[in-house]
Amino acid sequence: MITIKPLAKAFAAEVTGVDLAHDVDDDVFAEIAAAWATHPVMVFPGQDIDIDAQQAFSARFGRLKTRARKATDQGGAACIDNRYVMLVSNIKENGEYIGASPKGALPFHSDSAFDEVPAKASLLYGVELPKVGGDTLFVSMVEVYAALSDSIKQRIADKWAVNYHLPSLPLDPNQSEAERMLTARRAAHPMVIAHPDTGRPVLFVNRHMTRQIVGIAQDEADALLEEIYSIIEDPENIYAHKWRKGDLVVWDNRCVQHGRSDFDPAERRLLRRFAIACDARPKAYSAQCGDPPEITAPAAA
Ligand SMILES: O=C(O)CCC(=O)C(=O)O
Ligand SMILES: [Fe+2]
C-alpha cells in the first residue's frame, strides 16, 4: 500500500510502499499523480532502478525531453546512448566530466526555462552521493508569489522576462557572461504564470537563467529581481533534500524551483535525470499580460 508522508515543508512528501521498477500500473500511477498535485516534490526512497526503469516511470508523466546539451558537449555522457538521460556529476573519466553541473552550489531555477516549452517534471535518481552537502533545495513558487508585496505583484502582473541557457560549466570558460548571452538559447515567459492544472499564480523568474524584464530598464530590473530572489532564498521557504543512494525525486518545475547546496569536490556525486516537457508554452496568470515579445533568439537545438 502506498503511504504519503508530508516532509518538513508540506509541498514535499515522502512516498513509500511502491517499487517503481515493478509496481506502477495505471491505478498506482493515478494515485501518485493525484498526490503530486498536492505535493509537487515527491521523494521515493530505497528504489533500485536502472536507466530503462527510470525512463519508463518518467514517461508516465508525459513526453520525455531530450537533454539540453549535445552529448558531445558533455564528455562521458556521450557514452550513454540515450538522448533523454542527463547525468549530474562531478566524476571525471579520461580527464572530462561525465555529467552536467559538476561543481558546488547551484542557484535556484526551473529546468529548461530557457526553452519556450520548458520542463514540466524532472526525475532525479541518486546513484553516488557525498556524505555531507550537495542537498537539492526546493521552494514552492506558489508560496513565494503569495509572499510578494501587493506593489510588486502589480509591477510584475503584465511583464515578460527573458531566460538564457548559461550552463554552470561553460564550454569556453574564458567567455564573459555577456559574451555567452549573445549566442545562448533563450525564451521569454510571463513573470507570473498560471499553473496549468491548478490555475494558481506562480512566480516564474529564476536567478540561474533570468537576465532581463521586457520594458524595464536593466538596473531597475536587476533590483526588482534581487528583491524577489531574496524571498526564494529565504531558508524559511526551503525544503533541503538530503540524498540517500536509491532516492528518486520527482518535482513539478511549473510550481517549484530547485537549487543545490555546496559539497566537497573531493567526494564523488552522481545522479541520473530524465525531464518531461510541458504540454505548451506557460500561460500568463493575468489577462493584462499581452502577447509574447519579439526577442532575437538563436534557434533551440
Ligand atoms: O545536483 C542537483 O542536486 C540538482 C541538479 C539540477 O539542477 C537538476 O538535476 O536539474
Ligand atoms: Fe535543475
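If you filter the stretch 179-196 down to residues that are at pLDDT 95 or above and part of a loop (DSSP other than H, G, I, E, B), you find that the one that is surrounded by the fewest Cβ atoms within 10 Å (Cβ to Cβ) is PRO196.
Screening the stretch 19-35 for residues that are free of Cβ contacts under 8 Å to residues at least 24 places away in the same chain and in a loop (DSSP other than H, G, I, E, B) and picking the one that is most open to solvent (accessible area, probe 1.4 Å) gives HIS22.
Just checking, does the stretch 180-198 include any residue being among the acidic types (Asp, Glu) and closer than 20 Å to ILE295 by Cα? Quick ask: steps written out before the conclusion?
Going residue by residue through the stretch 180-198, those that are among the acidic types (Asp, Glu) are 197.
Subsequent filtering for residues that are closer than 20 Å to ILE295 by Cα retains none.
The answer is no, given that none of the residues of the stretch 180-198 is among the acidic types (Asp, Glu) and closer than 20 Å to ILE295 by Cα.
Name the residue that is nearest to PHE11 (Cα to Cα), counting only residues in the stretch 226-265 that are in a helix (DSSP H, G or I) and in contact (Cβ under 8 Å) with a residue 40 or more places away in the chain.
If we take residues in the stretch 226-265 being in a helix (DSSP H, G or I) and in contact (Cβ under 8 Å) with a residue 40 or more places away in the chain, then ASN237 is nearest to PHE11 (Cα to Cα).
Filtered by the rule that a residue be part of a loop (DSSP other than H, G, I, E, B) and not aliphatic (A, V, I, L, M), the stretch 197-209 gives ASP197, THR198, GLY199, ARG200, PHE204, ASN206, ARG207, HIS208.
If the condition is being of a type outside the set (S, T, N, Q) and open to solvent by less than 10 Å² (accessible area, probe 1.4 Å), then the stretch 197-208 contributes VAL202, LEU203, VAL205. In summary, GLY246 fulfils each of the numbered conditions (1) more than 24 Å from PRO293 (Cβ to Cβ); (2) open to solvent by 60 Å² or more (accessible area, probe 1.4 Å); (3) more than 17 Å from the chain's Cα centre (by Cα) with the single exception of condition (2).
Have a look at ASP291, ASP279 and point out the one that is assigned to a loop (DSSP other than H, G, I, E, B) and over 23 Å from ARG211 (Cα atoms).
Numbers: ASP291 fails: over 23 Å from ARG211 (Cα atoms).
From the options ASP291, ASP279, the qualifying one is ASP279.
The residue that is farthest from ligand 2 (Cβ to nearest atom), among those in the stretch 268-287 that are open to solvent by 40 Å² or more (accessible area, probe 1.4 Å) and farther than 16 Å from ALA188 by Cβ, is ALA287.
Which one of TYR97, TYR84 is in contact with a helix residue (DSSP H, G or I) (Cβ under 6 Å, 6 or more places away or on another chain), modelled with pLDDT of 80 or more and surrounded by 15 or more Cβ atoms within 10 Å (Cβ to Cβ)?
Details: TYR84 fails: in contact with a helix residue (DSSP H, G or I) (Cβ under 6 Å, 6 or more places away or on another chain).
Checking each option against the conditions leaves just TYR97.
Of the residues THR66, THR38, THR3, THR16, only one is open to solvent by 50 Å² or more (accessible area, probe 1.4 Å), at pLDDT below 95 and not charged (D, E, K, R); which?
From the options THR66, THR38, THR3, THR16, the qualifying one is THR66.
Counting just the residues of the stretch 107-141 that are open to solvent by 20 Å² or more (accessible area, probe 1.4 Å) and either under 18 Å from THR210 (Cβ atoms) or modelled with pLDDT under 95 (or both), which one comes out farthest from ligand 2 (Cβ to nearest atom)? Filtering the stretch 107-141 for residues that are open to solvent by 20 Å² or more (accessible area, probe 1.4 Å) and either under 18 Å from THR210 (Cβ atoms) or modelled with pLDDT under 95 (or both), the one farthest from ligand 2 (Cβ to nearest atom) comes out as GLU116.
The values are calculated or read from the model by the stated rules, or taken from the named source; none is laboratory data. Note that the coordinates shown come from a computational prediction; the quantities given were computed from them, not determined experimentally. Note that each Cβ is placed from the backbone with ideal geometry, even for glycine, and that neighbours are counted across all protein chains shown. When the accessible area is computed, the model is the full protein with side chains, heavy atoms only, and any ligands, DNA or RNA have been set aside. Shrake-Rupley method; radii C 1.70, N 1.55, O 1.52, S 1.80 Å.
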